[in-house]
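Visitor: Got a structure for you, written out below as structure tokens; questions coming shortly.
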Amino acid sequence: MAQVVLADVLKHYDTLENVTLTGYRNPPALNHVSLTVRDGETLSVVGPSGCGKSTLLKVVAGLEYPNSGKVYFDDVDMTDIKPQDRGVGMVFQDYALYPSMKGRGNLQYFFEVHQRTQEEMDTKVRATAELMGMGFELLLGRIPDTLSGGEKQRVAIARCIVRDPTVFLMDEPISNLDAKLRERTRTEIKKLLQKFNITTLYVTHDQQEAIFMSDRIAVMRQGVIEQVGTFDEVYFNPANLFVATFIGTPPISIVPATLSDGAVIIGAARLPMPEWMHAASLPREVRLGVRPEGWIISQNDGAGVPVNVSHVERLPTERAAFVSGTLANTTVRALAPLDYPQVEKVWLMPDWERAYVFDAMTEAALHVPGVPELF
Ligand code: ADP
């Protein structure tokens with residue numbers, strides 16, 4: 001086990017021919033990233049496609065080398081160490097099993113390459129099969145082509161575990177599986193991670209999976225880590241508008257608002273400004289953020305901002321519905337009771353104690369509600 005540290009890592013994929021007089025042609029995949037994954041923790045990396053999640057993993061694995069910056073495992077500088085000497089185990093979306101080898105061969109390969117004894121191999125494979133749980137022994141005798149997606153992924157995970165990795169790197173490990181299998185496999189992976197306490201970086205585009213798997217979440221955008229924290233920290237206390245919109249399903253509503261003369265003006269509506277806004281010395285033009293559960297919804301004229309309803313989505317398992325509509329040219333969604341009628345128009349009023357304010361220019365959070373217990 002080890003703490004993993006990325007210190008000011010810059011990674012450009014552009015080769016020198018691509019560098020023009022004005023600099024690199026493409027923006028960097030990692031733009032001076034600094035991140036600490038604590039010893040034994042599972043940290044999920046989330047962000048839109050192309051934001052640099054896989055590159056981050058590859059730099060930790062040694063499959064890509066940074067242009068500048070350092071990678072440390074504890075105090076050891078790993079930046080120039082070859083991938084095979086880093087003690088990392090990687091699990092990819094496409095399993096990457098050796099196709100001609102049976103499960104056992106896949107697990108043993110590492111030991112064969114390192115010329116370890118048959119006895120050591122057998123002991124390790126047996127111990128790993130036990131850890132992997134019911135039915136895993138059977139998979140050892142089969143070649144990958146005969147395994148289902150979930151089974152392949154179990155073998156791929158076991159192949160990592162058998163090597164006693166210092167660090168576990170998982171890149172969308174279950175996104176190729178169907179929904180049902182995904183749920184089962186993610187529980188299995190979580191159990192294994194808990195059992196081993198191995199420092200793990202887990203890349204996923206699915207924030208629900210990130211919440212389930214990890215101790216903390218890093219939110220990335222365009223090669224930059226925008227925020228790192230527990231789910232509660234990034235959900236209730238987002239650093240900026242991007243994090244606020246990226247985390248949370250359905251997403252937070254962001255509406256342009258003008259703060260003037262004791263009023264919050266949204267479109268044509270003037271709402272009385274809450275006490276704390278007076279005190280907060282906010283700029284005139286802001287972005288107001290309200291999560292679905294932060295709206296007070298009403299069918300009465302005058303109780304907030306009028307919104308034409310586009311649809312009502314019912315979620316029986318949540319005993320709730322989401323009412324969607326357009327406000328100031330942006331989509332807004334409000335949480336409502338499951339039996340909410342399919343009306344044409346509703347009035348939405350922010351519950352001001354749950355409303356966020358972001359700078360209209362920099363998009364930095366200017367105000368975040370302080371007390372998560374309220375939610
Ligand atoms: P993510 O995993 O978040 O989807 P990636 O790390 O794969 O993002 O990619 C980050 C950026 O780097 C993207 O713009 C992508 O096009 C670029 N990129 C990734 N791999 C390569 C590569 N081998 N060569 C050139 N550009 C790459």
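The values are calculated or read from the model by the stated rules, or taken from the named source; none is laboratory data. Treat the numbers as computed from the prediction; the structure is a model and nothing was measured. Quick reminder, even Gly has a Cβ in these numbers, built from the backbone with ideal geometry, and neighbours come from all protein chains shown. Keep in mind that these areas ignore ligands, DNA and RNA; they rest on the heavy atoms of the full protein, side chains included. Shrake-Rupley method; radii C 1.70, N 1.55, O 1.52, S 1.80 Å.
Visitor: Quick one: residue 100 ticks every box in (1) within 12 Å of the ligand (Cβ to nearest atom); (2) of a type in the set (Gly, Ala, Ser); (3) free of Cβ contacts under 8 Å to residues at least 60 places away in the same chain bar one, so which box is it?
Guide: Of everything listed in (1) within 12 Å of the ligand (Cβ to nearest atom); (2) of a type in the set (Gly, Ala, Ser); (3) free of Cβ contacts under 8 Å to residues at least 60 places away in the same chain, residue 100 misses just condition (1).
Visitor: Then there's this: Can residue 308 be described as out of contact with any His (no Cβ under 9 Å at 6 or more places or on another chain) and free of Cβ contacts under 8 Å to residues at least 40 places away in the same chain?
Guide: Taking the combined requirement at face value, the residue satisfies it.
Visitor: Of all residues in region 212-238 being farther than 20 Å from residue 34 by Cα and open to solvent by less than 50 Å² (accessible area, probe 1.4 Å), which is nearest to the ligand (Cβ to nearest atom)?
Guide: 213
Visitor: Let me ask something else about it. How many of the residues in region 221-254 are within 19 Å of residue 288 (Cα to Cα), of a type in the set (Phe, Trp, Tyr) and under 11 Å from the mean Cα position of the chain (by Cα)?
Guide: Here the count works out to 1.
Visitor: Looking at region 325-338 only, could you name the residues that are surrounded by fewer than 18 Cβ atoms within 10 Å (Cβ to Cβ) and either at pLDDT 95 or above or within 27 Å of the chain's Cα centre (by Cα) (or both)?
Guide: 330, 331, 337, 338
Visitor: Could you look through region 186-211, keep only residues that are hydroxyl-bearing (Ser, Thr, Tyr) and within 16 Å of the ligand (Cβ to nearest atom), and pick out the one that is farthest from residue 133 (Cα to Cα)?
Guide: So the residue we want is 204.
Visitor: When region 6-27 is examined, which residues are found to be within 25 Å of residue 76 (Cβ to Cβ) and touching a Lys or Arg at 6+ places or on another chain (Cβ under 8 Å)?
Guide: Listed by number, the residues that qualify are 6, 7, 8, 9.
Visitor: Inspect region 153-165 for any residue being touching a strand residue (DSSP E or B) at 6+ places or on another chain (Cβ under 9 Å) and of a type in the set (Gly, Ala, Ser) and give the result as yes or no.
Guide: Scanning region 153-165 turns up at least one residue that is touching a strand residue (DSSP E or B) at 6+ places or on another chain (Cβ under 9 Å) and of a type in the set (Gly, Ala, Ser).
Visitor: Okay, next question. Counting only residues that are of a type in the set (Phe, Trp, Tyr), give me the helices (runs of 4 or more DSSP H) lying completely in region 199-294 with at least 2 of them.
Guide: 231-236, 241-246
Visitor: Please pick out the residue among 275, 293 that is acidic (Asp, Glu) and at pLDDT 95 or above.
Guide: Sole residue among the options that is acidic (Asp, Glu) and at pLDDT 95 or above: 293.
Visitor: Oh, and also: Taking region 68-93 only, how many residues are more than 15 Å from residue 4 (Cβ to Cβ) and surrounded by 14 or more Cβ atoms within 10 Å (Cβ to Cβ)?
Guide: Going through region 68-93 one residue at a time, the tally reaches 3.
Visitor: Among the residues that make up region 109-132, is at least one of them within 16 Å of the ligand (Cβ to nearest atom) and either buried (at least 20 other Cβ atoms within 10 Å of the Cβ) or assigned by TED's automatic domain parsing to the domain that holds residue 57 (or both)?
Guide: For region 109-132, residues within 16 Å of the ligand (Cβ to nearest atom) and either buried (at least 20 other Cβ atoms within 10 Å of the Cβ) or assigned by TED's automatic domain parsing to the domain that holds residue 57 (or both): absent.
Visitor: What are the pairs, 6+ residues apart or on separate chains, where a residue within region 121-144 that is at pLDDT below 90 has its Cβ under 8 Å from a residue that is part of a helix (DSSP H, G or I) and β-branched (Val, Ile, Thr)?
Guide: 131/161; 132/157; 132/161
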